[in-house]
Amino acid sequence: MYESMKMSVEHVVETGKISEEYNTSDEVRQVFSQWSIDGFTRQSHPTVIQVLLDQNKDKDITGNCLPNLVYVSRQKSKTSPHHFKAGALNVLVRVSAAMTNAPVILTLDCDMYSNDPTTPLRALCYILDPEMQSNLGYVQFPQEYHRLNKSDIYACEHKRLFKVHPVGYDGLCGPNYVGTGCFFRRRALCGGPSTLILPEIDGLCPDSVVNKPLTAPSVLELAHHVAGCNYENQTKWGSKIGFRYGSLVEDYYTGYRMKCEGWRSIFCYPETAAFLGDVPFNLLDVLSQNKRWAIGLLEVAFSRYSTITFGVKSMGLFMGLGYSYYAFWAILTIPITTYCLLPQLALLNELSIFPKVSDPWFLLYMFLFLGAYGQDLLEFVVDGGTIQRWWSDQRMWIMRGLSSYAFGLTEFVVKSIGIPTEGFNVTSKIINDEESKRYEQGVFEFGVPSPLFVTLTMAAIINLLSFISGLVHFIVDGGSSKEGLVMQLVLTGLIVMNCLPVYQAIALRSDKGKMPTKTTVTATLLASAVYVVASLFLK
């Protein structure tokens, strides 16, 4: 029923006209009777609210009541901002308040599904606990996936973000909201625990009681009214009430603002995954998603509610610093880019920047180097990860730093000075049979040409040339005379190993996943220019 309704609405907005082919029932005809004859598109169309199942009337084959199922498509207008996912969630909060006003709300991404029927009971154990009820805002479950390949080549599991770090935050004020798999108390979306902010309509208040059927004319009228694209004008929705506007990562920002208001959260991590979802299946989608996150996090970091000032003041030092770690994620591009280029360019020019192997200081460098990677591996494996997935994780850390974070930081700076940038892109989770086969085999899929690949390919080329040059000099000139270059040679070799999928795509592959030629040529020219400039500078 839901898919049929969705198909009808999508057909109408795609064609711009109401076709009798999709008006298969009186209910559908009633919905479209409110629409004009033509002129509507995906960006401009009226509200659609259709009750598909009503628990007071609809029963299953055993005679038990079915849950309510309501199709909602909010009104869109090219002249009104719609605030992307946060705007859609706020419409759903208001429409559900008008129709049922249930005290608990579950948010779930469209590519995720329930994997354990006892999940609501687990959440209610916390929500109904009288010791927690006064300031518990939400219960967050880990984000887990069901189609990861054996080595998780794109590191989409995000083990630290979704599992390791939330356990630590649970000892403070609780984990952040990650956009899906989260049970909210409706009251928590209306101001702090001690500062209730009432919506502008009594029917939307968290404690109001709906005693009319879902299909009652007054209920549907209110639901359509609050789903209008101009309803939020001159209201506190998005600023003080509901999911917050002002960042591309509305989940991070909403959870952060709720913590600042005094709410806490709980991380529920059962052995059986509560929800499972899909992951991106090509490198471009992964990098684009991380670039969007980087921009949204910086929007919070440099807003009036900055985590480093407002956050520390409101939540305390540890939670403030915890949120700041993510807010300033994109700035990691500076040390990562330095890590991947400076020692390599110095190696090309036979300049030593680390101590010699015989120097006592060399032991300190090796201790820090091996200690950092050792701690990272231990933390990953202890939480149930594998060495294969850890290798993918630290490889993607480098790739994200060279591409997503660099482009995200640049785009944020450009936007901040008033220069328009590209719009919001939804991450695709669609995959064909050929891509699925390559993904299962652990083969990188690059997709279409993108500027995101240029810096990544440039770094891969520089590291490969540097490693070959350094190795040749080390063998030809003798190891003792090049003792000071050992550390740089090892570091460059590590980066080369991490960039193997890039080399494979550039030189070896003949399938559709090959690195786009335009990207390779641009990266080669850029790498040459960087080498020339760096050589002049180093000399």
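Restricting attention to segment 69-85, does a residue exist that is in contact with a strand residue (DSSP E or B) (Cβ under 6 Å, 6 or more places away or on another chain) and more than 30 Å from E232 (Cα to Cα)?
no
Contact list please: Cβ distance under 8 Å, first residue in segment 198-214 and among the basic types (K, R), second residue open to solvent by 30 Å² or more (accessible area, probe 1.4 Å) and not in a loop (DSSP other than H, G, I, E, B), pairs at least six apart or on different chains.
K212/S218
Only one of these conditions is not met by L298: (1) surrounded by fewer than 19 Cβ atoms within 10 Å (Cβ to Cβ); (2) modelled with pLDDT of 95 or more; (3) assigned to a helix (DSSP H, G or I). Which number is it?
Going through (1) surrounded by fewer than 19 Cβ atoms within 10 Å (Cβ to Cβ); (2) modelled with pLDDT of 95 or more; (3) assigned to a helix (DSSP H, G or I) one by one, L298 breaks only (1).
Considering only segment 142-151, I want to know if a residue exists there that is buried (at least 16 other Cβ atoms within 10 Å of the Cβ) and farther than 30 Å from V381 by Cβ.
Taking every residue of segment 142-151 in turn, none turns out to be buried (at least 16 other Cβ atoms within 10 Å of the Cβ) and farther than 30 Å from V381 by Cβ.
Consider F162 carefully, then state whether it is open to solvent by less than 40 Å² (accessible area, probe 1.4 Å) and without any contact (Cβ under 8 Å) to a residue 24 or more places away in the chain. First the steps, then the outcome.
Working: open to solvent by less than 40 Å² (accessible area, probe 1.4 Å): yes; without any contact (Cβ under 8 Å) to a residue 24 or more places away in the chain: yes.
For F162, the condition - open to solvent by less than 40 Å² (accessible area, probe 1.4 Å) and without any contact (Cβ under 8 Å) to a residue 24 or more places away in the chain - is met.
When only residues in segment 198-215 that are open to solvent by less than 40 Å² (accessible area, probe 1.4 Å) and part of a loop (DSSP other than H, G, I, E, B) count, which is farthest from N233 (Cα to Cα)? Give the steps one after another, and end with the answer.
To start, the set of residues in segment 198-215 that are open to solvent by less than 40 Å² (accessible area, probe 1.4 Å) comprises 199, 203-206, 208, 214.
Checking which are part of a loop (DSSP other than H, G, I, E, B) leaves us with 199, 205-206, 208, 214.
On the way: P199: 13, C205: 18, P206: 21, S208: 23, L214: 26 Å.
Restricting to residues being open to solvent by less than 40 Å² (accessible area, probe 1.4 Å) and part of a loop (DSSP other than H, G, I, E, B), the top hit is L214.
Suppose we keep only residues that are open to solvent by less than 50 Å² (accessible area, probe 1.4 Å) and at pLDDT below 75 within segment 430-450. Which one would you say is farthest from R395 (Cα to Cα)?
Filtering segment 430-450 for residues open to solvent by less than 50 Å² (accessible area, probe 1.4 Å) gives 431, 435-436, 438-439, 442-447, 450.
With the extra rule that they be at pLDDT below 75, the set shrinks to 431, 447.
On the way: I431: 23, G447: 19 Å.
That would be I431.
Could you tell me how many of the residues in segment 106-134 are over 22 Å from E250 (Cα atoms), in contact with a strand residue (DSSP E or B) (Cβ under 9 Å, 6 or more places away or on another chain) and assigned to a loop (DSSP other than H, G, I, E, B)?
Residues flagged as over 22 Å from E250 (Cα atoms), in contact with a strand residue (DSSP E or B) (Cβ under 9 Å, 6 or more places away or on another chain) and assigned to a loop (DSSP other than H, G, I, E, B) within segment 106-134 amount to 5.
Are there any pairs with C-beta distances below 9 angstrom linking a residue in segment 5-17 that is without any contact (Cβ under 8 Å) to a residue 40 or more places away in the chain and farther than 11 Å from T41 by Cα to a residue that is of a type outside the set (D, E) and in a helix (DSSP H, G or I), with the two at least 6 apart or on different chains, and if so which?
Sorted first by the residue in segment 5-17, then by its partner, the pairs are S8/V28; S8/V31; S8/F32.
Which one of these is closer than 27 Å to K159 by Cβ and either part of a loop (DSSP other than H, G, I, E, B) or modelled with pLDDT of 95 or more (or both): V426, V381? Walk me through it before giving the result.
Working: V381 fails: either part of a loop (DSSP other than H, G, I, E, B) or modelled with pLDDT of 95 or more (or both).
Exactly one of V426, V381 is closer than 27 Å to K159 by Cβ and either part of a loop (DSSP other than H, G, I, E, B) or modelled with pLDDT of 95 or more (or both), namely V426.
Within the bounds of segment 6-27, is there any residue that is surrounded by fewer than 17 Cβ atoms within 10 Å (Cβ to Cβ), assigned to a strand (DSSP E or B) and modelled with pLDDT under 75? Working first, answer last.
Residues of segment 6-27 that are surrounded by fewer than 17 Cβ atoms within 10 Å (Cβ to Cβ), as a first pass: 6-7, 10-11, 14-17, 19-21, 24-27.
Add one more test, that the residue is assigned to a strand (DSSP E or B), and what stays is none.
No, segment 6-27 has no match at all.
Being surrounded by fewer than 23 Cβ atoms within 10 Å (Cβ to Cβ) and within 30 Å of R185 (Cβ to Cβ) is the filter; apply it to segment 275-291 and report the residue that is nearest to the chain's Cα centre (by Cα).
Checked segment 275-291; the qualifying residue nearest to the chain's Cα centre (by Cα) is Q289.
Consider L222 against the criteria (1) open to solvent by 40 Å² or more (accessible area, probe 1.4 Å); (2) at pLDDT below 90: it satisfies all of them except one. Which criterion is unmet?
So L222 meets the others, but not (2).
Okay, residues lined up against (1) aromatic (F, W, Y); (2) touching an Asp or Glu at 6+ places or on another chain (Cβ under 9 Å):
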position: F367; (1), (2): yes, no
position: G371; (1), (2): no, no
position: L377; (1), (2): no, no
position: F380; (1), (2): yes, yes
position: G384; (1), (2): no, no
position: Q394; (1), (2): no, yes
position: L402; (1), (2): no, no
position: F412; (1), (2): yes, yes
position: G418; (1), (2): no, no
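If G191 meets every condition in (1) without any contact (Cβ under 8 Å) to a residue 40 or more places away in the chain; (2) within 20 Å of T307 (Cα to Cα); (3) not aromatic (F, W, Y) apart from one, which number is that one?
Every condition holds for G191 apart from (1).
For segment 28-71, which residues satisfy the criterion of being of a type in the set (A, V, I, L, M), modelled with pLDDT of 90 or more and open to solvent by 40 Å² or more (accessible area, probe 1.4 Å)?
I61, L66, L69, V70
Residues that are of a type outside the set (S, T, Y), at pLDDT below 90 and either out of contact with any Pro (no Cβ under 9 Å at 6 or more places or on another chain) or within 29 Å of E144 (Cβ to Cβ) (or both): does segment 94-113 have at least one?
Of segment 94-113, the ones of a type outside the set (S, T, Y) are 94-95, 97-99, 101-106, 108-112.
Now narrow it down to the ones that are at pLDDT below 90: 110-111.
Add one more test, that the residue is either out of contact with any Pro (no Cβ under 9 Å at 6 or more places or on another chain) or within 29 Å of E144 (Cβ to Cβ) (or both), and what stays is 110-111.
The answer is yes, given that some residue of segment 94-113 is of a type outside the set (S, T, Y), at pLDDT below 90 and either out of contact with any Pro (no Cβ under 9 Å at 6 or more places or on another chain) or within 29 Å of E144 (Cβ to Cβ) (or both).
State all residues of segment 309-367 that are outside any helix (DSSP H, G or I), of a type in the set (V, I, T) and over 28 Å from L402 (Cα atoms); if no residue qualifies, say none.
Of segment 309-367, the ones outside any helix (DSSP H, G or I) are 316, 328, 349-360.
So of that shortlist, the ones also of a type in the set (V, I, T) come out as 353, 357.
Within segment 309-367, just V357 meets the criteria.
What do you reckon, is S358 open to solvent by 20 Å² or more (accessible area, probe 1.4 Å), of a type outside the set (A, V, I, L, M, F, W, C), at pLDDT below 85 and assigned by the TED database to the domain that holds L456?
On the way: open to solvent by 20 Å² or more (accessible area, probe 1.4 Å): yes; of a type outside the set (A, V, I, L, M, F, W, C): yes; at pLDDT below 85: yes; assigned by the TED database to the domain that holds L456: yes.
So S358 passes the test.
Restricting attention to segment 88-103, which residues are in contact with a strand residue (DSSP E or B) (Cβ under 9 Å, 6 or more places away or on another chain), touching a residue at least 40 places away in the same chain (Cβ under 8 Å) and part of a helix (DSSP H, G or I)?
Hits for segment 88-103 are L89, N90, V91, V93, R94, V95, M99.
The values are calculated or read from the model by the stated rules, or taken from the named source; none is laboratory data. Bear in mind that the values here come from a model prediction, so they are computed numbers and not experimental data. Here the Cβ is made from the backbone with ideal geometry for all residues, glycine too, and neighbour counts use every protein chain on show. Heads up: the accessible areas ignore ligands, DNA and RNA and are worked out on the full protein's heavy atoms, side chains in. Shrake-Rupley method; radii C 1.70, N 1.55, O 1.52, S 1.80 Å.
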